[in-house]
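Have a look at the structure below, then the notes.
The values are calculated or read from the model by the stated rules, or taken from the named source; none is laboratory data. These numbers were taken from a predicted model, which means no experiment stands behind them. Neighbour counts are summed over all protein chains in view; Cβ atoms, including those assigned to glycine, are modelled from backbone coordinates with ideal geometry. Note: accessible area is taken over every heavy atom of the protein model, side chains too, but ligands, DNA and RNA are not part of it. Shrake-Rupley method; radii C 1.70, N 1.55, O 1.52, S 1.80 Å.
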Amino acid sequence: MPANVKYELKLGAATREAFGKTLAALGHENQNIVVGDADLTKSTMTTYFAKEFPERLFECGIAEANMVAIGAGLALAGKVPFVSSFSAFVMTKGFEQLRCLVAYPNVNLKVVGTHSGISIGEDGPSQMSMEDLALACALPNFTVLSPADEVATEWAVRWAAEHVGPVFIRTGRVKVPVIYPAGSKFEIGKAVELVSGTDVTLVATGLVVAEAIRAAEQLEGEGISARVLDIHTIKPIDEEAIGRAAAETGALVVAEEHLVDSGLGVRVAQAAAKTHPAPIEFVGLTDFAESATPDELLDKYGMRAENIAAAARRVLARKK
Amino acid sequence: MQRTQNPSELSSIARQIRRHIVTMITAAKSGHPGGSLSAVELLVTLYWDVLRHDPANPKWPERDRFILSKGHAAPVLYSVMAECGYTPVETLNTLRKLGSIYQGHPDVRFIPALEASTGSLGEGLSLALGMGLAAKLDKSPSRAYVVLGDGEIQEGQIWEAAMFGAFHKVDNVCAIVDYNGIQLDGFVKDILDLSPLAEKWRSFGWHTLEIDGHDIPAIQKAFAEAAATKGKPTCIVAHTVKGKGVSFMENNPKWHGVAPKPEELELALKELA
């Protein structure tokens, strides 16, 4: 990705939609791909796969723990299973199964959480996953991906299908801006520098990446040169890019649609502490949200470019 | 290994397995003798007569799968796998010690021939069903067998899996409940009663049999009936005795998770001579 290109940020597909379409395409390419869903195929978008390969989609009903374990059994017998539900359900109700049946024996299961974060909107806090990255990162052997747009999601799903080992992919409900040109290639564990900059680095993941790009544009108008990093791979995290950003720009802002005390922020802080300590400000969630439209919630809970830019000004004030 | 269908030969193998179990748990100074001893005839009949498996080729794709969902009964599985030739017999007494392949609960990282790592209760039935589905997709004759503890099936996931197995007609899966009636805190009927257990499985859509889980010909007949049953999975409710074969351990909750002392081992081995 060339640095300092101007981004149109035109609204594209939801990342769950990109997941569903990519999965259906993969179904043609790899006969071993099978899918488990827990009565949400129309929401997780595994419905695209179900329409083409009904015999390879296993409807588990509203029973996420069993779904994860059925997936583990399919994987142990040589299949490449993707199991999907809302992140809020698969990562919590399925967590023990993910821990003992998938992470511990290093089983080749792919878990796709949809409707992550508060941007699910009107359904409210019981359906909102604010801790899924923390849970996924707590599992040894798991690779944890959090794509920012439809292009990155297609790559993430295809990478997961090829990779032998457990993977968690975080996707969202709402349409998000397209950042990457179609067919862009990514490298696992390597952050993408979307905007180059020298004064401060905005580190973001998921739908907040587009907000970070907009924040960098706002800051540019104030004479502040902000670098933007898209962390599409939460685990393993790109310590090298974070350390370099901390060394070269001297200040970091981390922005995520996740609890700030357990998500990307703490992982970035750890990476910076290990490489090049620098002041960091954190933009994210601190409590359960509520029902409203996704846009209203992203405004109210501070997930916008304005919030990230404000955090950049705060961290610059702390920068020696 | 020498396969056999002869009940008296299977019975003599079972006696040898019981000797291994009490000896290795005594050496480990911890472990679960009661629920290991109750499942001996079930596993011996499976491994020497029923399962299509090959210790020389453990990853043969069309093999039958066995999962010990009640992973704390690992000593019975280790003894059986060792006698079959998957793992060394001479190191069974390293059970639970640092560096041993015989971990406290079955662990595929240490014994790749195991079908699954187990230990957290309530999960093995789902694994077996996943394996059964994979075999169906592959048009493989492979069947999956899973031994469940009776206390274990208090876990909700078992009943999620039971619904799933019947609904999806996973008829290449056979679950066996080792119904020895005792769990850690006491008798199952006093902790959280399961009865009427066979009726529960039937109402969940499983072909259900009740047998004496120490009667080898009855076990053989039940597995044959399971294999012949099409359109639904089979559950064998095997009535067993916890601690079976060692008089002072039989039907005594104390022996769920306590190792014998050396003098108790001596008495046990006399009874198992």
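Only Cα pairs under 8 Å and at least 6 apart count here; give the relative contact order of chain B as a rounded whole percent.
Details: 549 pairs, mean separation 64.8, N = 273.
Across chain B, relative contact order equals 24 percent.
By a straight-distance test (C-alpha under 15 Å), which aspartates and glutamates pair with A:K10 as possible cross-link partners, with residues fewer than eight away in the same chain excluded?
A:D149, A:E150, A:E211
Averaged over B:117-125, how many beta carbons belonging to a partner chain fall within 10 Å of each residue's beta carbon?
Neighbouring Cβ atoms belonging to other protein chains average 5 per residue here.
Return the percentage of antiparallel bridges among DSSP beta bridges fully within chain B, rounded to the nearest 5 %. Please list the in-between numbers first.
Numbers: 2 of 24 bridges.
Taking every DSSP beta bridge within chain B, about 10 percent pair in antiparallel fashion.
Please work out how much accessible surface B:H256 shows to a 1.4 Å probe, ignoring ligands, DNA and RNA, in Å² rounded to 10.
Rounded to the nearest 10, the figure is 20 Å².
Give me the percent of Cα-Cα pairs in the range B:135-273 that sit more than 24 Å apart, rounded to a whole number. Display every interim value, and only then the final one.
Values: 3755 of 9591 pairs.
In whole percent, the long-distance tail amounts to 39.
Report the net charge of residues surrounding B:I182, where surrounding means a beta-carbon distance below 15 angstrom and charges are Lys +1, Arg +1, Asp -1, Glu -1. All intermediate terms of the calculation are to be shown ahead of the outcome.
On the way: positive: B:K70, B:K189, B:K242, B:K244, B:K254; negative: B:D150, B:E152, B:D178, B:D185, B:D190, B:D193, B:E250.
With Lys, Arg at +1 and Asp, Glu at -1, the neighbours total -2.
Which three numbers, in whole Å and largest first, are the semi-axes of the equivalent ellipsoid of chain A derived from its Cα gyration tensor as √(5λ)? Intermediate values should be presented prior to the final figure.
Numbers: eigenvalues 213, 72, 66 Å².
One finds semi-axes of 33, 19, 18 Å for chain A.
In whole Hz and in residue order, list the ³J(HN,Hα) couplings for the range A:171-176 that follow from phi through the Karplus curve 6.51 cos²θ - 1.76 cosθ + 1.60, θ = phi - 60°; x for Gly and Pro.
10, x, 7, 8, 4, 10
Show the residues, 5+ positions off or on another chain, whose built amide H is closer than 5 Å to the amide H of B:G119.
Hits under the 5 Å cutoff: B:G71.
Gap in Å between the Cα centre of the range B:1-57 and the Cα centre of the range B:235-273?
14 Å
If you place +1 on the Cβ of every Lys and Arg, -1 on the Cβ of every Asp and Glu, and leave all else neutral, what size is the dipole of chain A about its Cα centre, to the nearest 20 Debye? All intermediate terms of the calculation are to be shown ahead of the outcome.
Numbers: 30 positive and 40 negative charges, 122 e Å.
Dipole magnitude for chain A comes out near 580 debye.
How much accessible area per residue does the range A:192-318 have, in Å², with a 1.4 Å probe? Intermediate results must be reported in sequence, preceding the final value.
Details: 4570 Å² over 127 residues.
Computed with neighbouring chains in place, this is 36 Å² per residue.
Within 10 Å of each Cβ in peptide A:94-107, how many partner chain Cβ atoms are there on average? Round it to a whole number, please.
Taking the mean over all residues of the peptide, I get 4.
Between A:A182, A:A191, A:A24, which gets the highest mean-square fluctuation from a Gaussian network model of chain A, Cα cutoff 10 Å?
So, out of A:A182, A:A191, A:A24, the one fluctuating most is A:A182.
Restricting to Cα pairs below 8 Å that are 6+ residues apart, what does the relative contact order work out to for the range A:11-177? Please round to a whole percent. List each step's numbers first, then the result.
Working: 372 pairs, mean separation 48.4, N = 167.
The normalised contact order for the range A:11-177 reaches 29 percent.
Report the full-extension gain for the segment B:N252 to B:D138: residue separation times 0.36 nm, less the Cα-Cα distance, to one decimal in nm. List each step's numbers first, then the result.
Details: separation 114, 0.36 × 114 = 41.04 nm, distance 4.51 nm.
The B:N252-B:D138 span can extend by a further 36.5 nm.
If you place +1 on the Cβ of every Lys and Arg and -1 on the Cβ of every Asp and Glu, how big does the dipole about the Cα centre of the range A:191-259 come out, in debye to the nearest 20?
On the way: 4 positive and 13 negative charges, 17 e Å.
Computed about the Cα centre, the dipole is about 80 debye.
Take A:T293, B:T87 and sort them by solvent-accessible surface of the protein heavy atoms, 1.4 Å probe, largest at the top. Write out the running numbers ahead of the final one.
Working: A:T293 55, B:T87 20 Å².
My answer, sorted largest first, is A:T293, B:T87.
Return the sequence-ordered ³J(HN,Hα) values of the range B:178-191 in whole Hz as given by the Karplus equation 6.51 cos²θ - 1.76 cosθ + 1.60 applied to θ = phi - 60°, using x for Gly and Pro.
So the J values, rounded to whole Hz, are 7, 8, 8, x, 10, 10, 3, 7, x, 6, 3, 5, 9, 8.
Over all directions, how big on average is the projection of the convex hull of the alpha-carbon atoms in the range A:11-177, in square nanometres? Walk me through the numbers before you get to the answer.
Working: hull surface 32.9 nm².
Its Cα hull, projected and averaged over all orientations, spans 8.2 nm².
Could you work out what % of the accessible surface of the protein assembly as shown is carbon and sulfur, using a 1.4 angstrom probe and leaving DNA, RNA and ligands out of the count? Intermediate values should be presented prior to the final figure.
Working: 11510 of 21730 Å².
Answer for the protein assembly as shown is 53 percent, counting heavy atoms of protein chains only.
Where the centroid of each part is defined by its Cα atoms, how far is the range A:190-256 from the range B:124-148 in Å?
47 Å
Beyond a 27 Å Cα-Cα separation, which of these cross-linked pairs lie in this structure: A:K21/A:K300; A:K93/B:K169; A:K190/A:K274; A:K110/B:K139; B:K70/B:K97; B:K97/B:K254? Spell out each step's value before the answer.
Values: A:K21/A:K300 32 Å; A:K93/B:K169 25 Å; A:K190/A:K274 17 Å; A:K110/B:K139 24 Å; B:K70/B:K97 20 Å; B:K97/B:K254 23 Å.
Going by Cα-Cα distance, A:K21/A:K300 fall outside the 27 Å limit.
For the pair B and A, how large is the buried accessible area, both sides, in square angstrom to the nearest 100, if the probe is 1.4 Å?
Separately minus together, B and A give about 1900 Å² buried.
Report for the protein assembly as shown the percent antiparallel among DSSP-assigned beta bridges with both residues inside it, nearest 5. Can you show the working numbers first?
Details: 10 of 67 bridges.
Looking only at bridges with both residues in the protein assembly as shown, the antiparallel portion is about 15 percent.
Taking H as built 1.01 Å from N, whose amide H comes closer than 5 Å to the amide H of A:S129, not counting residues under 5 places away?
A:A88, A:G117
Once Lys and Arg get +1 and Asp and Glu get -1 on their Cβ, which of A:V176, A:G197, A:W155 lies farthest toward the positive end of the dipole of the range A:81-208?
Of A:V176, A:G197, A:W155, it is A:W155.
Would you mind classifying the range B:71-119 by shape? Square roots of the alpha carbon gyration tensor eigenvalues, ordered a ≥ b ≥ c; an a/c under 1.5 is rounded, otherwise it is prolate if a/b is larger than b/c and oblate if not. Write out the running numbers ahead of the final one.
Values: a/c = 1.38, a/b = 1.12, b/c = 1.24.
Because its axes are fairly even, with a/c under 1.5, the range B:71-119 counts as rounded.
Enter the mean number of other protein chain beta carbons within 10 Å of the beta carbon of each residue in A:60-67, as an integer.
Details: counts 7, 4, 1, 8, 2, 8, 16, 4.
Mean inter-chain Cβ contacts per residue within 10 Å come to 6.
On the principal axes of its Cα set, how long, how wide and how thick is chain B? Give whole Å, largest value first.
Over chain B, Cα extents along the principal axes are 51, 45, 36 Å.
Extending each Cα 7 Å along its Cβ direction at A:F288 and B:Q5, get the distance between those two points in nm, one decimal.
6.1 nm
Please compute, for the alpha-carbon atoms of the range A:30-82, the extent along each of the three principal axes and give them in descending order in Å.
For the range A:30-82, the Cα extents along the three principal axes come out at 27, 25, 14 Å.
Taking H as built 1.01 Å from N, whose amide H comes closer than 5 Å to the amide H of A:V80, not counting residues under 5 places away?
Under 5 Å from the amide H of A:V80 lie the amide H atoms of A:I33, A:V34, each far enough along the sequence or on another chain.
If we sort B:137-144, B:58-65, B:113-120, A:42-49 on the protection proxy, mean other Cβ atoms within 10 Å, highest first, what's the order? All intermediate terms of the calculation are to be shown ahead of the outcome.
Details: B:137-144: 17.5, B:58-65: 15.6, B:113-120: 23.4, A:42-49: 21.6.
Answer by packing, highest mean first, reads B:113-120, A:42-49, B:137-144, B:58-65.
Would you mind telling me the antiparallel percentage of the DSSP bridges in the range B:120-273, rounded to 5? List each step's numbers first, then the result.
Working: 2 of 20 bridges.
Percentage antiparallel, nearest 5: 10.
On average, how much accessible surface per residue is there in chain B, in Å², for a 1.4 Å probe, leaving out ligands, DNA and RNA? Display every interim value, and only then the final one.
Details: 10330 Å² over 273 residues.
On a per-residue basis, 38 Å².
On C-alpha positions alone, give me the angle between the axis of helix A:305-318 and the longest principal axis of chain A, in degrees, nearest 10.
The angle comes out at about 50 degrees.
How much FRET efficiency would the formula 1/(1 + (r/R0)^6) give for A:E187 and B:N57, where r is the Cβ-Cβ distance and R0 is 30 Å, rounded to 0.05?
On the way: r = 39 Å, r/R0 = 1.28.
The formula returns an efficiency of 0.20 here.
Among A:122-129, A:208-215, how do they line up by average Cβ neighbours within 10 Å per residue, starting with the highest? Let's see the in-between values first.
Working: A:122-129: 16.5, A:208-215: 26.5.
Final packing ranking: A:208-215, A:122-129.
Tell me the accessible surface of B:H53 in square angstrom (1.4 angstrom probe, heavy atoms of protein chains only), to the nearest ten.
Approximately 20 Å² for this residue.
What percentages, rounded to whole numbers, describe P(r) for the range A:192-318 computed over all alpha carbon pairs with 10 Å bin width beginning at zero?
15, 50, 30, 6, 0
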